Amino acid sequence: MAEKSNITTLKPLPRHVAIIMDGNGRWARRRFMPRIMGHRQGAVAVKEIVTAARELNIPYLTLYAFSKENWSRPAEEVEGLMDLLFEYLQKEIDELLGKRIRLRAIGEIEALPERVYNLLMETMEKTSKNYEMQLILALSYGGRSEIIEAAKKFARRCMAGDMDPEELDESSFRSFLYAGDIPDPDLIIRTSGEKRLSNFLLFQAAYSELYITSTLWPDFNKKEFIKALNDYRRRERRFGMTSEQILLRCTSSES
Ligand code: IPE
Ligand code: IPE
Ligand code: MG
């Protein structure tokens, strides 16, 4: 009975899911393998989750693939990750086109090795007319940098006389972010049990629901993804209001 009432109160799926794909290194270490093998298996999980998101008609999926801070890892690991990214883009282009998925990137992508940058730009261009789903890769991404860069862009516009500081509000500030047109993530999933944001989407995560699982990223699959989505669908998002106000809003929008 309790299960049944849960089903009836399930809310819609999130429009935007963002994932901190963590735990590749630990997955490999448990198998006495080099870390890069964990990243390689992580790329398999990426494919499965992208396919699942598309099947579920989730319009935006953001994947934290490489942070600005990850540049400080051993050179061998960074090179291995760049090779994997290159391979992923090479292999997945047909799949992205076939499934009508648009690929985008957020982060300081100019810092990527030239061949990776060029292939990324080419893939974004080739998929730019796809509207069914957007797959956003966070690459060389840092939330604080994104905010600082946005502040600089805004300051330049003011210095040029195109904008006035008094005009700035949350909505206009967004337009200076890496992808200001994308709605905030409704749900942020982090694998491997770590309870932190690690500089991910600091501005956009203000009211995101957080889901943390101890599953390591290479083991994360469609079943686990659906579990996270259903957990989200049982939650009440209040945005600072009271539960009663939210209920009233839901009933008036239904009638
Ligand atoms: C996440 O896995 C992938 C990247 C950060 C690129 P990690 O490599 O951080 O795995 P752990 O945290 O060491 O297990
Ligand atoms: C966050 O994972 C970055 C990515 C998943 C790409 P990290 O493994 O780099 O995060 P910390 O260092 O444990 O916070
Ligand atoms: Mg990690």
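The values are calculated or read from the model by the stated rules, or taken from the named source; none is laboratory data. Computed from a predicted model, the values in this text were never measured in an experiment. Here Cβ is always computed from backbone atoms with ideal geometry, including for glycine, and neighbour counts include all displayed protein chains. For accessibility, only protein heavy atoms count, side chains too; no ligands or nucleic acids. Shrake-Rupley method; radii C 1.70, N 1.55, O 1.52, S 1.80 Å.
Things worth noting here:
- Where labels lie 7 Å past Cα in the beta-carbon direction, separation of ALA179 and PHE32 in nm: 4.1 nm
- Rounded to the nearest 10 square angstrom, LEU96 shows an accessible area of 10 square angstrom against a 1.4 Å probe.
- Selected from ALA45, SER175, LEU63, residue furthest toward positive end of dipole (the chain; charges at beta carbon): ALA45
- Residue-span extension gain [ARG249 to ARG234] - 0.36 nm each, minus C-alpha spacing: 3.7 nm
- Within the assembled protein chains, the solvent-accessible surface assigned to TRP217 is about 0 Å², based on a 1.4 Å probe.
- Of the peptides 89-95, 48-54, the order by per-residue mean of other Cβ atoms within 10 Å, starting with the highest, comes out as 48-54, 89-95.
- Gaussian network model of the chain, Cα within-10 Å springs - most flexible of ILE189, ILE147, ILE19: ILE147
- For ILE212, the residues whose amide H sits under 5 Å from its own are ARG190, ignoring neighbours fewer than 5 places away on the same chain, with H placed 1.01 Å from N.
- Under 12 Å from LYS222, Cα to Cα: aspartates and glutamates that are on another chain or at least 8 residues apart: GLU48, GLU55
- Once backbone amide H atoms are built at 1.01 Å from N, LEU103 has THR127, LEU135 as its partners under 5 Å, excluding neighbours fewer than 5 places away on the same chain.
- Most mobile listed residue (ALA228, ALA138, ALA160) in the chain, GNM with C-alpha springs under 10 Å: ALA160
- Anisotropy class of the chain from Cα gyration tensor, a/c 1.5 cut: oblate
- Net charge dipole, the stretch 52-155: roughly 520 debye, given to the nearest 20, about the Cα centre with Cβ charges of +1 for Lys and Arg and -1 for Asp and Glu.
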